[in-house]
C-alpha cells in the first residue's frame with residue numbers, strides 16, 4: 001500500500017511542474033491580450049508532457065491501491081474516473097492549441113496520453129466538431145452538443161422522472177449503449193494502433209492491481225463514472241434551452257448563453273474544480289469568450305470580464321440551479337398570438 005500511495009504522491013508532484021511554470025508572474029486580473037502574451041512566453045512541450053505523465057502515474061497508483069480490498073477498489077474507481085475526466089479536459093485545451101507549443105505537439109500529446117488510451121476517437125474529428133461546429137454556434141441548432149442533449153431526452157415538454165433521468169443519462173442503459181457504441185467505433189479492427197493502446201492500458205491495470213484494478217480501475221470508470229462526470233460538465237456549460245441571443249463582442253454574446261456555477265461558494269467551487277470541472281472548466285464562460293487563453297489564466301480573465309447573466313448556486317439543489325432553469329426552459333408555455341392585433 002505504501003508503494004501505491006507513494007506513486008500517487010509522485011504523480012501529484014509531477015503535475016505541479018506545469019502549474020508552477022505557468023503561475024510565475026500571473027496577475028489576479030487582466031485582459032485576454034495580456035494573458036495570451038504571458039502564456040506564449042511560457043509555452044513549451046516539457047511541462048505539458050510531465051503534467052500528462054503525472055496523471056497516468058496517479059492512475060497507476062490507484063490501480064495498485066485497488067488490490068488492497070473492496071473499499072480501496074471503490075476509491076480507485078472514483079479516483080481513476082476523475083483522472084480520466086482530467087485527461088479529457090487537458091486534451092480539450094490541446095484541441096485549442098494552448099496545451100503545448102505548436103499545434104503538432106498539442107495533437108501528439110493529446111492523442112498519446114488521452115485519446116488513444118481512453119478510446120476517445122480521432123482528435124482531428126473532435127477539433128472540427130468542437131472548434132468549428134460548437135464554439136461559433138453554441139446553443140443554436142447548428143451546435144452538435146445540443147443534438148447530444150436532445151438525443152438524451154432533454155426536449156421540450158420533458159418533465160418528472162424522464163427529466164430527472166437525463167441528468168444521469170450515462171448511467172442508464174440508453175447512455176451505456178451510446179458509450180459502448182462510441183468505444184466500438186474507436187476500436188475498429190482496422191485502427192490497430194488505437195486498439196493496441198487500449199489493450200496496453202488494460203494489461204497495465206491488471207499487472208498493477210489484478211482483476212480489481214482492471215474492473216474497478218478501468219472498466220467501471222471508463223464505461224460509467226467518467227462519462228457521467230463529462231455529462232455533468234456539458235449540462236453546466238450553457239443555458240442550452242433559453243439563451244439570450246445577442247450581437248456584439250464575443251464576451252457580450254457569450255455572457256448571454258453561458259453560465260458560471262458556484263460563484264459565491266468557494267468550497268463547492270474548489271471541489272468541482274478538482275473533480276468534474278477541472279482545468280478551467282469551471283470558468284467555461286471566460287473560455288468561451290476567449291478560447292485561446294490557457295486554463296491557468298482563466299480566473300484572471302474571468303475577474304476582468306463582466307459576469308454572465310446566469311450564475312447559479314447549484315447544479316441540482318438550491319434556489320437558483322442549472323436543473324431548475326433547464327426544466328423551466330423546456331416546459332415554458334408557447335407564446336400566444338395577440339388576437340387584438342390590427343392586420344394591415
Could you tell me how many cubic angstrom of Cα convex hull volume the stretch 130-234 has per residue?
128 Å³
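Please arrange 173, 270, 232 by counting, for each residue, the other beta carbons lying within 10 Å of its beta carbon, fewest first. The partial results should precede the final answer.
Values: 173 7, 270 12, 232 21.
The most exposed by this proxy come first: 173, 270, 232.
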Is the stretch 73-191 best put as rounded, prolate or oblate by its Cα gyration tensor, with a ≥ b ≥ c the root eigenvalues, rounded for a/c under 1.5, and otherwise prolate when a/b is larger than b/c, oblate when not?
oblate
For the chain, the longest principal axis of the Cα atoms and the Cα long axis of helix 173-186 enclose an angle in degrees, to the nearest 10, of 60 degrees
Tilt of helix 32-42 relative to the longest C-alpha principal axis of the chain, in degrees (0 to 90, nearest 10)?
10 degrees
Taking Cα centroids, how far is the stretch 242-300 from the stretch 70-139 in Å?
18 Å
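Beyond 32 Å, how much of the Cα-Cα pair distribution for the stretch 2-244 remains, as a whole percent?
When every Cα pair of the stretch 2-244 is considered, 26 percent fall beyond 32 Å.
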What is the ratio of the Cα radius of gyration of the stretch 205-344 to 2.2 N^0.38 Å, with N the residue count, to two decimals?
1.37
What angle do you read, to the nearest 10 degrees and between 0 and 90, between the alpha-carbon axis of helix 46-66 and the longest principal axis of the chain?
70 degrees
Ranked from highest to lowest mean number of other Cβ atoms within 10 Å per residue, what is the order of the peptides 1-10, 210-219, 147-156, 115-124?
210-219, 115-124, 147-156, 1-10
Mind sorting 20, 252, 63, 295 by how few other Cβ atoms lie within 10 Å of their own Cβ, fewest first?
20, 252, 295, 63
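We did not get these values from a lab; they are worked out from the coordinates using the rules stated. A quick note: this is a predicted structure, and the numbers were derived from the prediction, not measured. Cβ sites come from the backbone with ideal geometry, for glycine too, and all protein chains shown count toward neighbours.
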